[in-house]
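Have a look at the structure below before the remarks.
The values are calculated or read from the model by the stated rules, or taken from the named source; none is laboratory data. These figures come from a predicted structure and were not determined experimentally. Cβ sites come from the backbone with ideal geometry, for glycine too, and all protein chains shown count toward neighbours.
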Amino acid sequence: MQELPAITVQRLTKSFGDRPVLRDLDLNLHLGEVFVLFGANGSGKTTLIRSLGTLAKADKGIIRIMGRDLRRRGAFLRRFIGVLTHQTFLYDELTGQENLRFYGQMFGLRNVNERIRSLTEKMGLQRVLDKRVGTLSHGMQKRLSIVRAVLHDPTILLLDEPESGLDEEALSLLGHLLSGEDKGKRAVIITTHNLGYGFGLADHVGILANGHIAYQQDRGSLDMEAFRDIYTGYLSKAPK
């Protein structure tokens, strides 16, 4: 029997006032898969991530996480979801260490110190852990928020334009984190408009246009130049 998708989205719709952003969007993703969704600014990428991450409510449609209805079981399912958005969700007056311990306690982690040590080493954060977050550069805050998002070893990882604000070293570290030994236990959605960055991480690629996933394909069946032409074609049709 085929396993349930880790993420199932059916006819997801969201508007802001009279402006529709998501329109009857459908999506299925299984554990071990990285789905990179490309789209122009304003295409609805952030709205989709926030809806999947319980940070926003859709107007209608169904979201299932591991077969469970997110609308009905949101509080329970939140523990299985890690989210990175343009907000860091870090407390400026606390140190990096204090922030991560707080989130570790919130998720009831027993091995919180070990997780913090391991992940901050992977993201090159050891030297700033005892500094208050408000004094850190944007790039270091972004690295720290990545650790926050994966600290509880989530089954579902949602990354909204993770490359924004990261230098080449941090991008490389994040790539290793996503492709490590735990990849098979996790379903990952990454939104971006950076073709060069996103294509290399993807198992599957998609294009968000006109409020729905207008194009979707296995990355292995495409070369980057062919996909660039497809993506450029959708961008040329996007509302200005």
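Worth pointing out:
- The range 2-27, residues that are among the small types (Gly, Ala, Ser) and in a loop (DSSP other than H, G, I, E, B): 6, 17
- One residue from 147, 128, 205 being farther than 25 Å from residue 6 by Cβ, touching a helix residue (DSSP H, G or I) at 6+ places or on another chain (Cβ under 8 Å) and not charged (D, E, K, R): 128
- Search result, residues across the range 2-19 that are farther than 15 Å from residue 44 by Cβ and hydrophobic (A, V, I, L, M, F, W, C): 4, 6, 7
- Set side by side, the residues 47, 54, 88 differ, and just one is of a type in the set (Ser, Thr, Tyr), more than 30 Å from residue 124 (Cβ to Cβ) and within 15 Å of the chain's Cα centre (by Cα), which is 47.
- For the range 201-240, taking the residues that are modelled with pLDDT under 95 and hydroxyl-bearing (Ser, Thr, Tyr), the one that is surrounded by the fewest Cβ atoms within 10 Å (Cβ to Cβ) is identified as 236.
- Here residue 223 does not qualify as in contact (Cβ under 8 Å) with a residue 12 or more places away in the chain and charged (D, E, K, R).
- Lone qualifier among 69, 59 - being among the acidic types (Asp, Glu) and in contact with a strand residue (DSSP E or B) (Cβ under 6 Å, 6 or more places away or on another chain): 59
- Note on the range 29-46: residues that are under 19 Å from residue 157 (Cβ atoms) and in contact with a helix residue (DSSP H, G or I) (Cβ under 7 Å, 6 or more places away or on another chain) amount to 7.
- Filtered residues of the range 151-169 (kept if surrounded by fewer than 21 Cβ atoms within 10 Å (Cβ to Cβ) and either β-branched (Val, Ile, Thr) or assigned to a helix (DSSP H, G or I) (or both)): 155, 168, 169
- The sole residue among 172, 145 that is among the hydroxyl-bearing types (Ser, Thr, Tyr), buried (at least 20 other Cβ atoms within 10 Å of the Cβ) and part of a helix (DSSP H, G or I) is 145.
- Hits in the range 175-198 (condition: surrounded by 19 or more Cβ atoms within 10 Å (Cβ to Cβ) and either of a type in the set (D, E, K, R) or at pLDDT 95 or above (or both)): 186, 187, 188, 189, 190, 191
- Among the residues making up the range 182-229, those that are part of a strand (DSSP E or B) and more than 26 Å from residue 122 (Cβ to Cβ) are 206, 207, 208, 209, 212, 213, 214, 215, 216, 217, 218.
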